[in-house]
Amino acid sequence: MKHQCLLFVFVFYTMISTTFAQDMSQYGALTKQAKQLYENKEYDKAGQKYSDAFVANGNKGIIGDRYMAASAWAMAGQPDSAFVNLFKIVDSGYYTDKSEVVSDSTFTPLHTDNRWDELIEKLNLAEAKLDRPLIAMLDTIFREDQLYRFQSDSIEKQYGRNSEELKAHWDMIAEKDSINLVKVKRVLDERGWLGRDVVGPQGNQTLFLVIQHADLATQQKYIPMMREAAKKGNANGAELAMLEDRVALRTGKRQIYGSQLWRDSETGEFHVMPLEDPDNVDERRSSVGLGKLADYISIWDLK
């Protein structure tokens, strides 16, 4: 019997919205042009090109692009457009680095505007809620959870899919996971599913990653907590969908959102695991902030 292993595709969440709803290639092309215009000090054109990218993407954009757009508009002498982008990144809850904003000389023209004080006050309030010691702990867990999984690809290429070296590496990952799970369960049991306003976006994501990589009993225990957190905005809907899919498959059901793939250990090929009502999967994915299934599986050269 061919070995099957579940795969979790790490999703890039440093965005105002959890996913791009439109054509990513168009967004990428426009932001690339914007960055070149910015480097050429054509700030007004750069700001407009960023705006075009956001519009093309359903008025959504990556945090870094929003920041660059704000900088471009500030340098172009367009404070209204600069503040629109600055408030978007601050209000998103994904950005709390006041020191970066204050020390950025491109925003100096904005300092005399009354909206600047309002912006800084929002950043002060956001920073005051953060639990820095807990963020530091979760940051360490995040690095361990992701780093060793990324390293598995190079080990597989060097030694082979069924090598003792790869097996030892995954044994080490399992040991790390068990230690990290004890720490995260303590946080969840004592404080609940904390939002990014307390542990930052990466800390919030770390809670999900550790539970996503845990045993079935643990996932079943904490998935109701994550559901409630998602309703309150303290957990990511797309991440919850991935956990829902994993739990469904592990209990003999079909997945709902098509987030889970398996890899044939003999051929190395990837396949979408059993999916409920595939004709309407994109509608369900959209409802939780996931892109189209075809775009998702194209990463793995699947159709």
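Put in line by how crowded their Cβ is, counting other Cβ atoms within 10 Å and starting with the fewest, E118, E239 read E118, E239.
Assuming R0 = 30 Å, can you tell me the calculated FRET efficiency for the pair E283 and R250, based on Cβ-Cβ distance, to the nearest 0.05? FRET efficiency, E283 to R250: 0.75. Choose one of M242, A294, G203: the residue whose Cα lies farthest towards the positive end of the charge dipole of the chain (beta-carbon charges +1 Lys, Arg; -1 Asp, Glu; about the Cα centre). Selected residue: M242. The longest stretch of the chain left intact once loop-based chymotrypsin sites (Phe, Trp or Tyr not before Pro) with at most 15 other Cβ atoms within 10 Å are removed from consideration, loops following DSSP, is 13-299. The calculated 222 nm mean residue ellipticity attributable to helices in the chain amounts to -21000 deg cm²/dmol, summing -39500 (n - 2.57) over DSSP H runs of n ≥ 4 and dividing by all residues.
By how many nm would the segment from F87 to T108 grow when fully extended, if each residue of separation counts as 0.36 nm and the alpha-carbon distance is taken off? Mind dumping the intermediate values first?
Numbers: separation 21, 0.36 × 21 = 7.56 nm, distance 1.62 nm.
Using 0.36 nm per residue and subtracting the Cα-Cα distance, I get 5.9 nm.
The label-point distance for K167 and D80, in a model that sets each label 7 Å from Cα toward Cβ, rounds to 6.8 nm. Each of R132, R250, R196 was scored by other Cβ atoms within 10 Å of its Cβ. Listed from fewest to most, they are R132, R250, R196. DSSP beta bridges fully contained in the chain are about 90 percent antiparallel. Here the ratio of the Cα radius of gyration of the chain to 2.2 N^0.38 Å is 1.11.
Classified by the C-alpha gyration tensor, the range 24-129 has an oblate form. Its axis ratio a/c, with a ≥ b ≥ c, is 1.5 or above, and a/b does not exceed b/c. Placing a label point 7 Å from the Cα of N59 along the Cα-to-Cβ direction, the residues of the range 273-303 whose backbone N falls under 20 Å from that point are 286-291.
Values quoted throughout were computed directly from the atomic coordinates according to the rules given, and no laboratory measurement underlies them. Being a predicted model, the structure only gives us computed values, none of them experimental. Positions of Cβ are backbone-derived with ideal geometry, glycine not excepted, and every protein chain shown enters the neighbour counts.
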